[in-house]
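> First the structure, then my questions, so here it is.
The values are calculated or read from the model by the stated rules, or taken from the named source; none is laboratory data. Everything numeric in this text was worked out from a predicted model, so none of it was measured. When we count neighbours, we look across all protein chains shown, and the Cβ atoms used for this are built from the backbone with ideal geometry, even at glycine.
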Amino acid sequence: MLNHPTLDQLAAMGLHGMAKAFVELSERQDADALTHAEWLALLLERESSLRHDRRLAARLRFARLRHMAAPEDVNYKAARGLDRTLFAALLKGGWIDAADALILTGPTGVGKSWLACAIGFQACRDNRSVLYARVPKLFADLAVAHVDGRYPRLMRSLGGVKLLILDDWGLEPLDAQQRHDLMEILEERYGRGATLITSQIPVDRWHDVIGDPTYADAMLDRLVHNAHRVALTGDSMRKTKLPKAAA
């Protein structure tokens, strides 16, 4: 007889996970055998699980990851020099909390973007804010933002997340505006948020990509020194998928 009033109260309080669990438990044949403490524990567990799932979904929507890459799906057998122990440590996210940098380098197709998104996915699971940006598109968005007035808001988004993923860095040399914008991003994040960069270009050639020696020294001082580095090797993993795709 109390089912409907109880459900109404739970719904009014926004406890939708508990409401759903209450209905399911009420329909169980062994419901009467459960103690009050067991009922409460099951209801709370369901509510906590529902809220966690909603928070995760919201974080993933905001992150806009290029790949929905679950860490448990990482392929450690591929011949690309990925150390399982090291990557497992990176997934734990201590470097994110320390506002450090992580640089993933290697030739095209070895899975740099996918691995970066796997780290981002796990960070979202661990209740850390994440934002993914492909560098060429980011610079295009910043150029438009300078004109339409969104630049301050966009910079706040880039500077405010716990983990910023900058994918495909160094495909083209930077112009003056891009150097300035990137310097502002790195300066805003230095000591406050972690930055993950993927690049086909070895770090020792980043001076050439940045162009201006003064900017290059300032950027690399904030980004590269004391950064965690993973240098991948090997052939493109996409080649191994071509026969299956053709079939």
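Conditions (1) within 24 Å of THR233 (Cα to Cα); (2) in a helix (DSSP H, G or I), marked per residue:
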| residue | (1), (2) |
| --- | --- |
| ARG179 | no, yes |
| LEU182 | no, yes |
| LEU186 | no, yes |
| ARG192 | no, no |
| THR195 | yes, no |
| ILE201 | yes, no |
| TRP206 | yes, yes |
| ALA216 | no, yes |
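> Just for the range 203-231: of the residues that are closer than 25 Å to ALA88 by Cβ and at pLDDT 90 or above, which one is surrounded by the most Cβ atoms within 10 Å (Cβ to Cβ)? Steps first, please.
Here is the first cut: in the range 203-231, the ones closer than 25 Å to ALA88 by Cβ are 203, 223-231.
If we keep only those that are at pLDDT 90 or above as well, we get 203, 227-231.
Details: VAL203: 17, ALA227: 17, HIS228: 16, ARG229: 11, VAL230: 20, ALA231: 12.
Step by step, filter the range 203-231, then rank; the result is VAL230.
> Name the single residue, out of those in the range 164-177 being part of a loop (DSSP other than H, G, I, E, B) and either touching a strand residue (DSSP E or B) at 6+ places or on another chain (Cβ under 6 Å) or acidic (Asp, Glu) (or both), that is modelled with the highest pLDDT. Explain how you work it out, then say what you get.
Looking only at the range 164-177, we keep the residues that are part of a loop (DSSP other than H, G, I, E, B), and these are 170-175.
Cutting the leftovers down to either touching a strand residue (DSSP E or B) at 6+ places or on another chain (Cβ under 6 Å) or acidic (Asp, Glu) (or both) gives us 170, 172, 175.
Values: GLY170: 90, GLU172: 90, ASP175: 93.
My answer is ASP175.
> Can you confirm whether LEU91 is free of Cβ contacts under 8 Å to residues at least 40 places away in the same chain, of a type in the set (A, V, I, L, M, F, W, C) and surrounded by 13 or more Cβ atoms within 10 Å (Cβ to Cβ)? So that I can check it myself, show each step before the final result.
Values: free of Cβ contacts under 8 Å to residues at least 40 places away in the same chain: yes; of a type in the set (A, V, I, L, M, F, W, C): yes; surrounded by 13 or more Cβ atoms within 10 Å (Cβ to Cβ): yes.
Here the answer is yes, as LEU91 does meet what is asked.
> Can ALA21 be described as free of Cβ contacts under 8 Å to residues at least 24 places away in the same chain and among the small types (Gly, Ala, Ser)?
Details: free of Cβ contacts under 8 Å to residues at least 24 places away in the same chain: no; among the small types (Gly, Ala, Ser): yes.
The answer is no for ALA21.
> Can you spot a residue in the range 54-69 that is in a helix (DSSP H, G or I), charged (D, E, K, R) and either touching a strand residue (DSSP E or B) at 6+ places or on another chain (Cβ under 6 Å) or at pLDDT below 80 (or both)?
Residues of the range 54-69 in a helix (DSSP H, G or I): 54-63.
In the following step, the residues that additionally are charged (D, E, K, R) were identified as 54-55, 59, 61.
Those still in the list that are either touching a strand residue (DSSP E or B) at 6+ places or on another chain (Cβ under 6 Å) or at pLDDT below 80 (or both) too: none.
No, the range 54-69 contains no residue that is in a helix (DSSP H, G or I), charged (D, E, K, R) and either touching a strand residue (DSSP E or B) at 6+ places or on another chain (Cβ under 6 Å) or at pLDDT below 80 (or both).
> Looking for something in the same structural domain as ARG222 (by TED's automatic domain parsing) and at positive phi - is there at least one such residue anywhere in the range 65-79?
no
> To continue, here is another question. Give the residues of the range 118-136 that are closer than 27 Å to ARG55 by Cβ and not aliphatic (A, V, I, L, M), sorted by residue number.
Restricting attention to the range 118-136, the residues satisfying the condition of being closer than 27 Å to ARG55 by Cβ are 118-134.
Result: GLY120, PHE121, GLN122, CYS124, ARG125, ASP126, ASN127, ARG128, SER129, TYR132, ARG134.
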